[in-house]
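Heads up: the structure comes next, in structure tokens.
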Amino acid sequence: MRRIILSRKGFDSSSGGVASPIFADGSLCSLPIPFSGPAPDKFKDVSVNGIRCIDALKESKAKSKPSDNCHYDPNLETGLFGQASSSQSELRNNQVGPGDLFLFFGWFKNYSEGGRDLHHIFGWLQIDKIIDGNEAIQQYFKNKKKMHPHAFYRFSNNCLYVGSKKLILGNKKTPHKGFGHFKKTHNDLVLTKDQATRSVWQLPKKYFANSDPFLNRLKWIDKNECITHCKGRGQEYIMDVTNHPKLIRWLHHIFQG
């Protein structure tokens, strides 16, 4: 593993307009963003982390309707994630490849407790292989019953990331699949600093102190306290594991929680 990618997905202020819900029992459901055109999925047909999206829409009081189309990606039931355009260029330019790990995060809130707005990690995918280009992606899905939006549409600079069977961290096998959802909320999965707006992050000093692992977008605003600011609408925030091996220990900690 050379890279960890914090990848922003799900409802946000411009796509969906509300936070994805953390339910009263701590369960997480990252709502896929609404899609105005034709799409292979509707909210009423999709479940995320064992939770029906129609129930998550109701919990969050979102304006999207069960019959609306959605862009269901990443699909962490099947271990598939698509990226395209400038965001894919960012991944390629930073040499993201097989063995690297996506940690997917988004905007969450515990509505039942009147909770605060958080950036919260909800899932992961370790890359087994990358399928590059519209034709290759469509060929990959030719004999599969389930369609993916990055095969349904032709995107510029289109890529599909296929998850590995088993999660391997620092050459150590784990009991986890190579892709999946974190079932319940946990403090170790919250990126947002205590008593701060959701885009102000505080990363654990035990693993991030005296390091500068960010390859794009992120930078320390307080290096001693490991505070950074997730600015703008960027999707992919890439960290260098090769020169910062303590990040592997951080991953082990997350997955043991």
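Treat each spin label as a single point 7 Å out from the Cα along the C-beta direction, and report the HIS253 to GLN95 distance in nm.
Label-label distance for HIS253 and GLN95, simple model: 2.6 nm.
From the phi angles alone, apply the Karplus equation (6.51, -1.76, 1.60; θ = phi - 60°) to region 211-225 and give each ³J(HN,Hα) in whole Hz, x where the residue is Gly or Pro.
Running phi through 6.51 cos²θ - 1.76 cosθ + 1.60 with θ = phi - 60° gives 9, 9, x, 7, 9, 7, 6, 7, 7, 5, 9, 8, 5, 5, 9 Hz.
Given axes a ≥ b ≥ c from the Cα gyration tensor, I'd like to know whether the chain is rounded (a/c under 1.5), prolate (a/b larger than b/c) or oblate.
Here the chain falls in the oblate category.
Under a 10 Å cutoff between Cα atoms, tell me which one of LEU215, LEU191, LEU247 has the largest fluctuation in the Gaussian network model of the chain.
Ranking LEU215, LEU191, LEU247 by mean-square fluctuation puts LEU215 first.
Rounded if a/c is under 1.5, else prolate if a/b is larger than b/c, else oblate: which is region 176-257, with a ≥ b ≥ c the root eigenvalues of its Cα gyration tensor?
Rounded is the answer for region 176-257, as its axis ratio a/c remains below 1.5.
Among GLY115, LEU76, PHE208, flag the residue with its Cα farthest along the positive direction of the charge dipole of the chain, charges on Cβ as +1 for Lys/Arg and -1 for Asp/Glu.
LEU76
Pull out the extension gain between ASP128 and LYS145, defined as 0.36 nm times the separation in residues minus the alpha carbon to alpha carbon distance; nm, one decimal.
Stretched fully, the ASP128-LYS145 segment lengthens by 4.0 nm.
Within region 3-17, which residues have the backbone N less than 18 Å from the label spot 7 Å out from ARG233 along Cα→beta-carbon, could you tell me?
Residues passing the 18 Å test: 7-17.
Given labels modelled 7 Å from the Cα in the Cβ direction, how far is it in nm from LYS166 to LYS246?
Calculated label separation equals 3.0 nm.
Figure the gain on full extension for ALA196 and ARG154 (residue separation times 0.36 nm, minus the Cα-Cα span) and round it to one decimal in nm.
Full extension of this stretch gives 11.2 nm more.
Read the figures in this text as sums done on the coordinates, not as results from a lab. None of the values given here were measured: they were computed from a predicted structure. With ideal geometry, Cβ positions are generated from the backbone for all residues, glycine too; neighbour counts draw on all protein chains shown.
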